[in-house]
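Just below is one structure, and these are the notes that go with it.
The values are calculated or read from the model by the stated rules, or taken from the named source; none is laboratory data. These numbers were taken from a predicted model, which means no experiment stands behind them. Don't worry about glycine lacking a Cβ; one is built from the backbone with ideal geometry, like all the others, and counts go over all protein chains shown. Surface accessibility is based on the protein's heavy atoms, side chains included, excluding ligands, DNA and RNA. Shrake-Rupley method; radii C 1.70, N 1.55, O 1.52, S 1.80 Å.
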Amino acid sequence: MNLKDNSTYIAGPTRIFTTVLVLLIATAMLQGIIISTAMLWEARPIAPIKKPKKELSEAEKHLEKIRNSGRQFLPDGTIHLVYTLPDIPTLKRAIDERQKEIYDANGSLLWSGLEKNRPYEYLSWGVMIHGYTESFTDTRMKQIQMITPEFSRSLEIPVRSREKTEQVWRYDPGRQLFVGYRSDGSKIGYIGSTGFTDSKSRAKPFGRFKLFTAWCPQDSFSPTLLWQTSRRIYEINFEKQQVQLIFESAKSNIKQINLHKWRAIRPETPQDSKIPYRPLIKCLTEDGKHHLIMRNPDRKLTVTVDGDWWSETISFTATTQGIYLFYRDTERRLPSAFRKSPKLALEWSRKVRGKPYKKWVELYKVDNKANLHLLNRCDWTVPAEPYPVVEAGPLWTKVRHYACQFSSPLYDLAWYLLGRQFLFQLYRGNDFIRGFAEVTRELRPGNSILNWLLALAMVGFAFWHGWPRKTSLGKLIFWFVFTLVFNLAGLLTYLALNHTPIIKCPLCGKRRGLAQVNCIRCGAELPAPERGKLDLILNT
Amino acid sequence: MRFLALLRKELRESLPWMLLAAIIFLAIGGFVLRAQAYLGQPSWYYSGLSPGTVVDTYRLTHFSPLRMTGSWLLVTSIGLGLALGVRHFWMPLFTRTWPFLIHRSANRPTILWAKLAAAIISFIIPVGVVWVALYRYSCRPEIFETLPTKRVFIEGWLFILLGLVAYLGTALAGLSSARWYTTKILGLAFATIVICMTIFQWRLGWAFAVLVVGVVVLLSQIIDAFLNREF
């Protein structure tokens, strides 16, 4: 066996792989173009539903104000309804310049005036770290590491005096720790989960990165980081080269963190600085527990709520007087039983659409044993409002349905085997994987009978094409299965690699290929070339 | 001896393209790098770092000073790959000189290895050496405020290898006996897919894995086509 023979065995499968990959991508692009063209063809501006202008009575205006008010709690548990008067759009006033009206729970007006003059101090609540600038997630960490034609980026935390950068701490994603450099390029050391060390071997990784936020403390120009991994939260001060482990979850991964007054930054509004808050981090773990980490004094508490509660809307705040929980919920929340089935979810949403529903907020006090005591509750009904239902146009839906029938059934298999959750997780990763997930979702045939019928028709065509050219039954069956599995891309691959010339058999008159000596129908050999006068080879 | 003779012949034919690639990359890549050194870090970059404020996390991510040079490296590598692929495998087709080359006293594998070796040397010397020089220059803290990471150096070599992928794709397209409107350009199309899939990876290991798979797929078909087809 030499290189010439060996290469044929490897080149054959690689040739099939190359061809089918290119043709799958080409088919997907063509399908995408057809579907997008149909969408553009059918695009029309949706006229807004014009509600008949009905003049509201004073009582109705008042009721609408109450419904559209924000619910705020005082530290003693009293609830106020805070209504923000509509502003002139062109003015774009600052928040504390907006006109407000405050009502009690019975709808009686208590106060009216500018926000900055508000006499009441409401409890403020922990919020998720969000926003492109404030939070840096694992998705963004992957994005900056993407190679791209401009190379990957690095995460660097400077240590600065007023005008000058004195040190730079660069994150090493492979080792999951920070490496420090002076301004002359020399190495300072390493910051890992155990703190600062000048030895590479002693530096321990932080763990799988999930999120961080950064702020400059009030006495420094250098950022301090709150660094979240799958199970831990650290606070890293690069100027002091200190790492503090704030929280560690022993049993399950951290799902979400909320901060309240944790970062030592300038107060946002004058009112905020009057209530004696305690810095607080709330960690929601995947087992549904809310872990509270507080300072002044340092304390940790784990709160378990009712399994039916909407965990993501629960907020906490801690003052020197106590710890409070704010919970809001609505009847218009998809029941957990329906979440796994898109069909049931759609039916449920169609049933509740356009009907009035209830919303409510509750304030609880959390005692030292993490028990909840209801302080106050407010509920109200949101009236039914008709709103335009945007449905896909009939042409686009049909075109999409038929275009997808030329896709490979493997898309459906990938969708069912890997599951929606897996593909959702991949959305947060690599752009290409995300692209593959979107193609799978948008172009899958949906297990349609038409898809299988088309595939069988293509197999039939491949049979009609391949039978006269047959060299081996095994190869022919392989190509039939290949065409069935890859649909249009499979048929095109088969044709690209197997379209060889055919001639008419001189004996039976039927089509036959040139790769086999004997005709597959009558067994006659290939016709020999005619002898000519100058035919030196045959004459000798 | 025959291999060396063939190698010298291929290198001689590739020399103009090697020199052109080296000059373009050194001139333009060096110019943009020098411009980056002159501009330095924009003064607004850390202007948001004042006491008692939340930091914009975008300001904490940094491109290396070789950012613009990287684009030129990729373009030069791919361009060199296309040029060498055309020179080695398309020109003999256009000038009908394949029989002269194939029917020498050297066997076909020797001829093919000579071409591939010439291509690899053509990437290492003009592009690779210049890349190493530019990277070393960018590591000087007295000139650049932000220094590049070691990963950037490896990514540069990845770009050079992508030029090799472009070369192999062009070679396969040249060796294919199919019509141009059928499957002749599949080699180039596959090379394009490999290049795109490689540069949008965020893990270096996966990027190299995609590259290696692409090279193996293309190389196996080139070897089969060159050794078995009739010229």
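Against the numbered list (1) facing chain A (nearest Cβ under 9 Å); (2) more than 19 Å from B:G128 (Cβ to Cβ); (3) modelled with pLDDT of 90 or more; (4) open to solvent by 30 Å² or more (accessible area, probe 1.4 Å), B:F31 comes up short only at (1).
Looking at the structure I just gave you, is A:I102 within 14 Å of chain B (Cβ to nearest Cβ) and crowded, with 16+ Cβ neighbours inside 10 Å? Answer is no for this residue. Figure legend. Inter-residue proximity from the range A:404-419: first residues closer than 19 Å to A:M458 by Cα, second residues among the aromatic types (F, W, Y) and open to solvent by 70 Å² or more (accessible area, probe 1.4 Å), beta-carbon distance below 9 Å, spacing 6+ or different chains. Indicated pairs: A:P409/A:W452. Number of residues in the range A:497-513 that are under 22 Å from A:F480 (Cβ atoms) and open to solvent by 80 Å² or more (accessible area, probe 1.4 Å) equals 3. The sole residue among B:T69, B:T61, B:T57 that is within 14 Å of another protein chain (Cβ to nearest Cβ), open to solvent by less than 20 Å² (accessible area, probe 1.4 Å) and within 18 Å of the chain's Cα centre (by Cα) is B:T69.
Out of all the residues in the range A:12-34, is one or more surrounded by 15 or more Cβ atoms within 10 Å (Cβ to Cβ) and modelled with pLDDT under 90? There is no residue in the range A:12-34 that is surrounded by 15 or more Cβ atoms within 10 Å (Cβ to Cβ) and modelled with pLDDT under 90.
Within the range B:220-231, the only residue that satisfies the criterion of being within 9 Å of another protein chain (Cβ to nearest Cβ) and open to solvent by 50 Å² or more (accessible area, probe 1.4 Å) is B:N228.
Condition check ((1) modelled with pLDDT under 95; (2) assigned to a loop (DSSP other than H, G, I, E, B)) across all residues:
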residue	(1), (2)
A:E442	yes, no
A:N447	yes, yes
A:L450	yes, no
A:L453	yes, no
A:H465	yes, no
A:T471	yes, yes
A:F482	no, no
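Taking the condition modelled with pLDDT of 95 or more and under 30 Å from B:E142 (Cα atoms), does A:Y234 pass? No.
Put simply, of B:L186, B:L162, B:L172 the only residue that is open to solvent by less than 40 Å² (accessible area, probe 1.4 Å) and either small (G, A, S) or within 8 Å of chain A (Cβ to nearest Cβ) (or both) is B:L186. Condition check: farther than 26 Å from A:K142 by Cα, surrounded by fewer than 19 Cβ atoms within 10 Å (Cβ to Cβ) and aromatic (F, W, Y). Does B:Y167 satisfy that? Considered against the rule, which asks whether it is farther than 26 Å from A:K142 by Cα, surrounded by fewer than 19 Cβ atoms within 10 Å (Cβ to Cβ) and aromatic (F, W, Y), B:Y167 comes out as no. Look at the range A:485-510: where a residue is under 20 Å from A:K475 (Cβ atoms) and in contact (Cβ under 8 Å) with a residue 12 or more places away in the chain and a partner is open to solvent by 40 Å² or more (accessible area, probe 1.4 Å) and outside any helix (DSSP H, G or I), sitting 6+ places away or on another chain with Cβ atoms under 8 Å, you get A:A496/B:T182; A:T500/A:L514; A:T500/A:A515; A:P501/A:L514; A:I502/A:R511; A:I502/A:L514.
Apart from one condition, A:E58 fits all of (1) open to solvent by 50 Å² or more (accessible area, probe 1.4 Å); (2) modelled with pLDDT under 85; (3) under 30 Å from A:C404 (Cβ atoms); the exception is (3).
Scan the range A:93-147 for residues that are over 34 Å from the mean Cα position of the chain (by Cα) and of a type in the set (A, V, I, L, M, F, W, C) and the total you get is 6.
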